[in-house]
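Undergrad: Mind looking over this structure? Questions follow.
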Amino acid sequence: MGEFLHQVASGLALGGVYAIMALALVMIYQATQLINFAQGEMAMFSTYFAWKLMDSGWPYWGAFAVTIVASFIGGVLIERLVVRPFANAPVLASVIVFIGLAFIFNSLAGWLYGYSVTSFDSPFTGRPWFGAGYMSAHEAGSIVVTLCVLALVYAFFRFTPLGLAMRAAAQNPVSSRLVGIRVGWMLAIGWGLAAAIGSVAGMMAAPIVYLDPNMMGGVLLYAFAGAVLGGVDSPFGAVFGGIVVGVLGNLVGAYVVGDEVKLSVALAIIIAVLVWRPSGLFGRKLVARV
Amino acid sequence: MSAPILAVKGLEAWYGPVRALHGLDFLVEDGGVTALLGANGAGKTTILRALSGLIRRTGDIRFRGRPIGALATEDIARLGIAHVPDGRGTFQDLTVEENLRLGAYVRSDRQGVRADFERIYGLFPRLAERRRQQAGTLSGGEQQMLAIARALLMRPSLLMLDEPSFGLAPLVVAEIFRALGGINRQEGLSLLIVEQNASLALDLADRAVLIETGRVALSGPSQAIRADDAVRRAYLGY
Amino acid sequence: MAEPGRALGVLVAIAVGVFALAFPFAASGYHLYQGAQVLILMIALIGLNLLTGFNGQISLGHGAFFAIGSYGAAILMVKAGLPFWAAIPLASVVCFIAGFLFGFPALRFGGLYLALATFALAVATPQILSYNGIDALTGGSQGLTIAKPAPPVWTGLNSDQWLYLVCLASAGALYWAARNLVRGRVGRALIAIRDQPIAAETMGINAALYKTTCFGVSALYAGVAGGLSAIAVGFVSPESFGLALSLAFLVGIVVGGLASLGGALFGALFIEFVPNIADQLTVSFGEGAKALPGAIYGVLLILVMAAMPTGVAGVAQAAARALMSSWRPSHEKGGVNVAANCQGKGEAP
């Protein structure tokens, strides 16, 4: 029983990371109908940025905050400079551009920081006062951070004028323009936000999966699985899906197939959802427009 | 007589490679109402889209004397031109109140916005009742009111409406036109209305422009056009 | 009907062919091995291009089918004792079936979702291959070692030369088959499905059948390439078949030219030698140079999409045309469509 709870608890922590990444993917999907295949590499690069700051003497939370801001700015720049020119290109072209971006971030990190695996300190140490014995301090802290991020994002989109304008721009760009919303900038801010929350996911994941340029490949796959499961156009679905994938992955890994093939669980989820219910649990039914 | 709030000369517009408007001239008086009339497919909706910058257009378009033919849609909106498009353009998944807040998005005068909200809810009490409902669940008439209300919250100087009577019951249409007339008279809000329901539009308008296959067939004071039987039968079908 | 452009194309093909045939007698061990690798990659790229370039279906996971071909051939040779000329075709048939079956559900989602699903396949493949539940067959994380096939005595060739020529013959035959496919009715149907899927259906093309079969065929090509790779390299192990391989294939077809079969040769040369050169540069520039191939791939992917969607092959063809100043350009139809598609910036009414 204890082992089971431990798996569930750490599954929740991992699930939180996947949920944040899935949310970032959904934010971009809602605005652009595109999946950002470079999201994982961008998060990895942000995490290295944080690590570099801490290596130079910055305290953890200072580096954390600066990384989030820098990632936001980076996301905005990428949207304006790289993504915008392909706004009217066919889907295949955009996918290729995103893969190109992923390559660039991956090799940039490798060049700047080397390819050896590094450890990344967690700000949470010692025994947590709750869940003691079932999860580590980092896992507990990670869950708290995840909840904060999700709450902030929800509040932003629900209660602020800018959040409302961004939702409008994603749903109906033409009507948004007609009320004076600069839709182009809404897209850029969306990318910035996605990059910012992706960096949080990276920084929470790093103490668990260790820091190296290829750390986010698996995380991204789990995030994809979560987003597809929940519905790629539903933010709530993405979060729900991410958490389910985290817990399910752990349980299946521990009790069914063994830890080494957990990635195939993600693959199986993706294929199963796409075959049986392509719109995911909470997404809208996909309709092909003739 | 003051200068027209909107002066259009030689307006041409394209959908891709196809030219839809072939050099139109017309104007809207400051504080006046101009009706754009004509059959289905004549190009009336295209005119509004061109004025809002939603499609490629050329020509001399001046708003309060200032050329706007090269501006982006959102900048035209920010100048004070509110466009209620065909199909209403409401944000279906947002609530009534959120739709209205978007109308006020570009404004910075919070007091004014709050006062306007009161006024709008007074003008359209049904919207007040349904303020937390999703816009997509409203009836056609209520969505039209919502679209107009949202446009009014922009505090525009020129309100352009595309077929406000479309698909609505006569009583609802009468209510809407009454409201429009009231706003025009009391606040001097200029109106440019595209309508298939010619008699309704002619009652409200002081000028009328008849459009036929992307060209101006006839234009003049609405009184004159209403009185001219031949024109009415030929162009307006009644 | 001999247009100057076409004549130049034939000349180039003959030159390449002569060079390719003479190569094994002039070059030595390692270079021969590299030559074989280029041919192997070329086969895989032709397969992927049929699917993505001509039929418009994105696959980020063709490394998986390459792996099935490699492991399949290896298992048949090592565990069942089959000779390579039986093992590789058998493994390729398995790949065809796998591709066809994968193509079925893929029909329902298309586009972005297919990219997602194939991405997942690519990432999960190494883990599946090293799964210790099946390691009796696959050798687990150690993989399997395969003996290089011995050349028939009457040829007087050494094993490297023999291997190279086997690859050359396979590449030639598969290229020729693909070329005929693309220029015929089937090719036109595939392109129609890519560009106007709904219109194609209304013209009576069974899009579902074509798309799944195309998936199967492209998987078969990847499988042949994988099988040849198994005997060329001499061993198979899970790490060689990860995401990087699938993405390298993508880079190969983009740089070589989407919907250009000839471009596959250039693409293969590119993805074989760029990492090679980068490795050599690490001697002078240190570990950092390992990052170079990835950076080059990334920048090129974006630049090619922006500036020349038809890739190197398209640029070469355009240059040849300009050179000949022929008023009647001759080129594979696929290339023009892709260029038009990728540069399309229509205004919505």
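The values are calculated or read from the model by the stated rules, or taken from the named source; none is laboratory data. The structure presented is a predicted model; accordingly, all values stated were derived computationally and were not measured. Counting neighbours? That spans all protein chains shown, and the Cβs are built from the backbone with ideal geometry, glycine included.
Undergrad: Suppose we filter the range A:80-104 for residues that are buried (at least 21 other Cβ atoms within 10 Å of the Cβ) and within 8 Å of chain C (Cβ to nearest Cβ); how many remain? Please lay out each step first, then the result.
TA: Filtering the range A:80-104 for residues buried (at least 21 other Cβ atoms within 10 Å of the Cβ) gives A:83, A:92-104.
Now drop any that are not within 8 Å of chain C (Cβ to nearest Cβ), which leaves A:92-93, A:95-97, A:99-104.
Looking only at that region, the number is 11.
Undergrad: If you check A:Ser94 against the conditions, is it among the small types (Gly, Ala, Ser), in contact (Cβ under 8 Å) with a residue 60 or more places away in the chain and over 20 Å from A:Glu139 (Cβ atoms)?
TA: Yes: the conditions hold for A:Ser94.
Undergrad: Among (1) within 19 Å of the chain's Cα centre (by Cα); (2) among the aromatic types (Phe, Trp, Tyr); (3) modelled with pLDDT of 90 or more, which single condition is A:Tyr210 missing?
TA: (3)
Undergrad: Turning to a different aspect of this structure: For C:Ala147, all conditions in the list (1) in contact (Cβ under 8 Å) with a residue 24 or more places away in the chain; (2) surrounded by 14 or more Cβ atoms within 10 Å (Cβ to Cβ); (3) farther than 20 Å from C:Leu190 by Cβ hold save one; what is the number of the exception?
TA: Exception for C:Ala147: condition (2).
Undergrad: Sticking with this one: If A:Ala195 satisfies all but one of (1) in a helix (DSSP H, G or I); (2) out of contact with any Phe, Trp or Tyr (no Cβ under 8 Å at 6 or more places or on another chain); (3) in contact (Cβ under 8 Å) with a residue 24 or more places away in the chain, what's the number of the condition it fails?
TA: Looking at each condition in turn, A:Ala195 falls short on (2).
Undergrad: Which helices (runs of 4 or more DSSP H) sit wholly inside the range B:122-192 and have at least 2 residues that are away from chain A (no Cβ under 14 Å) and without any contact (Cβ under 8 Å) to a residue 12 or more places away in the chain? Please lay out each step first, then the result.
TA: Working: elements: B:125-129, B:140-153, B:170-187.
Hits in the range B:122-192: B:125-129, B:170-187.
Undergrad: If I filter the range B:1-56 down to residues being assigned to a strand (DSSP E or B) and acidic (Asp, Glu), which single residue comes out as surrounded by the fewest Cβ atoms within 10 Å (Cβ to Cβ)? Before the answer, list the steps.
TA: First, pick out the residues of the range B:1-56 that are assigned to a strand (DSSP E or B): B:6-15, B:18-28, B:33-37, B:56.
When the remaining residues are screened for being acidic (Asp, Glu), the result is B:12, B:25.
Working: B:Glu12: 16, B:Asp25: 14.
For the range B:1-56, the residue satisfying everything is B:Asp25.
Undergrad: Further question: Among the candidates A:Val244, A:Val239, which residue alone is within 17 Å of A:Gly15 (Cα to Cα) and within 12 Å of the chain's Cα centre (by Cα)?
TA: Working: A:Val244 fails: within 12 Å of the chain's Cα centre (by Cα).
The unique qualifying residue is A:Val239.
Undergrad: I'd like the full set of residues that are at the interface with chain B (Cβ under 10 Å from one of its Cβ atoms) and under 21 Å from A:Arg284 (Cβ atoms), limited to the range A:147-168.
TA: Let us first name the residues in the range A:147-168 that are at the interface with chain B (Cβ under 10 Å from one of its Cβ atoms), namely A:158, A:161-162, A:164-165, A:167-168.
The answer is A:Arg158, A:Leu164, A:Arg167, A:Ala168.
Undergrad: If you don't mind, there's one more thing I want to ask. Evaluate the following for A:Gly184: is it modelled with pLDDT of 90 or more, more than 10 Å from every other protein chain (Cβ to nearest Cβ) and at negative phi? Please lay out each step first, then the result.
TA: Numbers: modelled with pLDDT of 90 or more: yes; more than 10 Å from every other protein chain (Cβ to nearest Cβ): no; at negative phi: yes.
The answer is no for A:Gly184.
Undergrad: Is it the case that A:Ala9 is surrounded by fewer than 24 Cβ atoms within 10 Å (Cβ to Cβ), in contact with a helix residue (DSSP H, G or I) (Cβ under 9 Å, 6 or more places away or on another chain) and outside any loop (DSSP other than H, G, I, E, B)?
TA: On the way: surrounded by fewer than 24 Cβ atoms within 10 Å (Cβ to Cβ): yes; in contact with a helix residue (DSSP H, G or I) (Cβ under 9 Å, 6 or more places away or on another chain): yes; outside any loop (DSSP other than H, G, I, E, B): yes.
When the stated conditions are applied, A:Ala9 passes them.
Undergrad: Enumerate the pairs (first residue in the range A:253-281 and at the interface with chain C (Cβ under 10 Å from one of its Cβ atoms); second residue anywhere and among the charged types (D, E, K, R)) with beta-carbon separation below 8 Å, excluding pairs fewer than 6 apart on the same chain, so at least 6 apart or on different chains.
TA: A:Leu274/C:Arg108; A:Val275/C:Arg108; A:Pro278/C:Arg108
Undergrad: Suppose we filter C:Gly216, C:Gly187, C:Gly227 for residues that are in a helix (DSSP H, G or I), closer than 18 Å to C:Met42 by Cβ and either modelled with pLDDT of 90 or more or touching a helix residue (DSSP H, G or I) at 6+ places or on another chain (Cβ under 7 Å) (or both); which single one remains?
TA: Values: C:Gly216 fails: closer than 18 Å to C:Met42 by Cβ; C:Gly187 fails: closer than 18 Å to C:Met42 by Cβ.
The unique qualifying residue is C:Gly227.
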